[in-house]
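Novice: Pasting a structure below so you can have a look.
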Amino acid sequence: MASSHPEVEPVLIVHGGAGPIVKISQTRVDSKLKGVKDAGKAGYKVLCEGGSALDAVQAAVMVMEENPEFNAGRGSRPTALGDVEMDAMIMDGSSLQVGSVACVKNIHHPIELARMVMDKTDHCMLVGVGANLFARQMGFPLVPTEELVREEHRKDAREHTKYTDAVTELLNPGKDDSHDTVGAVALDAQGNVAFATSTGGIRSQLPGRVGDSPLVGCGGYADNDIGAVTCTGHGESFMKCTIPTRILNKMEQGVSVADATDEALTYMKRRVNGTGGCIVIGRDGQTAVKCTDNRMMPWAIFQGDKVKFGINQGEQFEGTCISQV
Amino acid sequence: VETSVRILEDDVVFDAGTGSVLNSAGDVEMDAIIMDGRSLRAGSVACVQNIAHPVSLARQVMEKTDHTMIVGEGANLFAKELGIPQVPPDQLVTDIARQQWEEYHKYKRAVNELFDSQLGHDTVGAVAVDSEGNVACATSTGGITAKRVGRVGDSPVIGCGAYADNETGAVSCTGHGEAIMSVTLARTVTFNMEQGSSAQSAADKSIVYMKNRVDGTGGV
């Protein structure tokens, strides 16, 4: 592929959502770590074969949407009315083009629909009935709600019909891993960055509630001149502070990827008492994975021939990268 | 800011509340946001139908829920719960909006062309600072004529169509929604102010930046 940029080393980061710190079985831990590694592998393969950052983040997120372990696509949480309303967004850092969908129902891959909003319409965002109408025009098969929800989550929803209770409980550590939005950021060999994110929302949310994920600058942002960010956590807090644009703004002023990420999360805690996590890539390939200290977040970074991954605070494992790429 | 925007929503001249433009299906879908710079609390609604004052519904999202944004049928459900009276769709639609829509259907013009011809998207907005130094912003719109059903522009998206922060200032935007979203225009303005630009110079820089990066036009 012809490009004016010198070749750079591709990087891809994925996360499987930042939930409160809870005791979960080793089996669940392993399953979440396997989930992020599988997703990362799919995205990194795209990069290693010369594909774009945009295609790579989409591929990674689609794998997590397919995995019922994560709250996106299959595995989404029902609203107060028992429906599943999903949000997703994708952004191309080379053109600043955005595609996003919110409150879309009964499809497997909201991220694929978000990509089509970007590629096939003059718009950035479609919501609700209009998003489903567009899905139909694009030939997406309708999936019954039952296929998207795990039985245990349906039970949860019955127990927490009031969103207020759900939020208070969820944001206080000690119970359930409740809103594990998924996301990916990537830098390709041509120096392009992109991000993608997808979520099934917070259980028992009001119908029509939209969190940070599908909102540009809130759930993520990508700009070839600086880098790419995507977030997970208490959506309303990320929205109020527009955390991704804050991180990139600091990076633009010369702050390192790690310091910019720390600063933004500290800022969010101070201004609106919000918590969550971010994954960040700089245009030079620097990376940061960070979540506030009351949360755990499964993540994986693919760079060179190494994969680094972890789930608990401060934890980092390392392996060699998948031979097939 | 809510009071000012309500008056603009009532004015048939503006594309917000009464006077909103029609989407491709011939319906009115409205978006609005309000933000309190003291607490960074915000409320927004998108794709809401059949109410006279979307900005006041946005205010209720901020005051009465744990959420920041509610869209589509959920927004209308919320309006009903609050006892906000439904207005018949025809009451929001002006002859001009109807004509523009018919013209679009006659010529099948693309959204971009509609934008260039300056047809129908006069989003309204207001920013204010009070005597205690608190800032706030509000924006309300009927969108672009012949937009797809469910299309959401910059207006209700925090940091794109509006942003308010007591530590910097308040911004409300209007123009080509998709371009404003691509550069998160309101936030670009506040970041420039944070780095020491005056309000006017931050606004100028941000508009030039949007033109350079995505060839977008609009105002703040």
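Novice: Can you tell me which residue is nearest to the other protein chains (Cβ to nearest Cβ) among those in the stretch A:93-106 that are at pLDDT 95 or above and not in a strand (DSSP E or B)?
Specialist: Among residues in the stretch A:93-106 that are at pLDDT 95 or above and not in a strand (DSSP E or B), the one nearest to the other protein chains (Cβ to nearest Cβ) is A:Leu96.
Novice: Then there's this: Could you tell me whether A:Val101 is under 14 Å from the mean Cα position of the chain (by Cα), under 19 Å from B:Ala46 (Cα atoms) and open to solvent by less than 20 Å² (accessible area, probe 1.4 Å)?
Specialist: So A:Val101 fits the description; yes.
Novice: Take B:Val127 and decide whether it is within 18 Å of B:Gly43 (Cα to Cα) and open to solvent by 50 Å² or more (accessible area, probe 1.4 Å).
Specialist: Against the criterion (within 18 Å of B:Gly43 (Cα to Cα) and open to solvent by 50 Å² or more (accessible area, probe 1.4 Å)), B:Val127 qualifies.
Novice: Turning to a different aspect of this structure: Got a sec? Which of A:Thr261, A:Thr266 is under 19 Å from B:Ser39 (Cα atoms) and modelled with pLDDT of 95 or more?
Specialist: A:Thr266
Novice: Turning to a different aspect of this structure: For the stretch B:184-201, name all the residues that are farther than 17 Å from A:Gln253 by Cα and either modelled with pLDDT under 95 or surrounded by 22 or more Cβ atoms within 10 Å (Cβ to Cβ) (or both).
Specialist: Correct list: B:Thr184, B:Leu185, B:Ala186.
Novice: Something else about it: So which of A:Met138, A:Met89 is open to solvent by 40 Å² or more (accessible area, probe 1.4 Å), under 24 Å from A:Val216 (Cα atoms) and modelled with pLDDT of 95 or more?
Specialist: Just a single option satisfies the conditions, and that option is A:Met138.
Novice: A further question follows. When the residues of the stretch B:158-199 are filtered to those that are assigned to a strand (DSSP E or B) and β-branched (Val, Ile, Thr), which remaining residue is nearest to the other protein chains (Cβ to nearest Cβ)?
Specialist: B:Ile158
Novice: For the stretch A:218-260, which positions are touching a helix residue (DSSP H, G or I) at 6+ places or on another chain (Cβ under 9 Å), in a helix (DSSP H, G or I), among the small types (Gly, Ala, Ser) and within 22 Å of A:Asn71 (Cβ to Cβ)?
Specialist: A:Ser237
Novice: Continuing with the same structure: Just give me the residues in the stretch B:59-74 being open to solvent by 10 Å² or more (accessible area, probe 1.4 Å), at the interface with chain A (Cβ under 7 Å from one of its Cβ atoms) and under 12 Å from B:Arg41 (Cα atoms), in sequence order.
Specialist: B:Thr65, B:Asp66
Novice: Still on this structure, please answer the following. Is it the case that the stretch B:62-81 has a residue that's part of a helix (DSSP H, G or I), over 23 Å from A:Ala80 (Cβ atoms) and either within 20 Å of the chain's Cα centre (by Cα) or among the hydroxyl-bearing types (Ser, Thr, Tyr) (or both)?
Specialist: Filtering the stretch B:62-81 for residues part of a helix (DSSP H, G or I) gives B:62-64, B:72-81.
Those still in the list that are over 23 Å from A:Ala80 (Cβ atoms) too: none.
For the stretch B:62-81, residues part of a helix (DSSP H, G or I), over 23 Å from A:Ala80 (Cβ atoms) and either within 20 Å of the chain's Cα centre (by Cα) or among the hydroxyl-bearing types (Ser, Thr, Tyr) (or both): absent.
Novice: Same structure, new question: I'd like to check something: does the stretch A:225-240 contain any residue that is out of contact with any Cys (no Cβ under 8 Å at 6 or more places or on another chain), modelled with pLDDT of 95 or more, surrounded by 24 or more Cβ atoms within 10 Å (Cβ to Cβ) and facing chain B (nearest Cβ under 10 Å)?
Specialist: Taking every residue of the stretch A:225-240 in turn, at least one turns out to be out of contact with any Cys (no Cβ under 8 Å at 6 or more places or on another chain), modelled with pLDDT of 95 or more, surrounded by 24 or more Cβ atoms within 10 Å (Cβ to Cβ) and facing chain B (nearest Cβ under 10 Å).
The values are calculated or read from the model by the stated rules, or taken from the named source; none is laboratory data. Please read these numbers as outputs of a predicted model, since none were measured by experiment. In this analysis, Cβ positions are derived from the backbone assuming ideal geometry, glycine residues included, and neighbour counts consider all displayed protein chains. Protein only, heavy atoms only, side chains kept; ligands, DNA and RNA dropped before computing areas. Shrake-Rupley method; radii C 1.70, N 1.55, O 1.52, S 1.80 Å.
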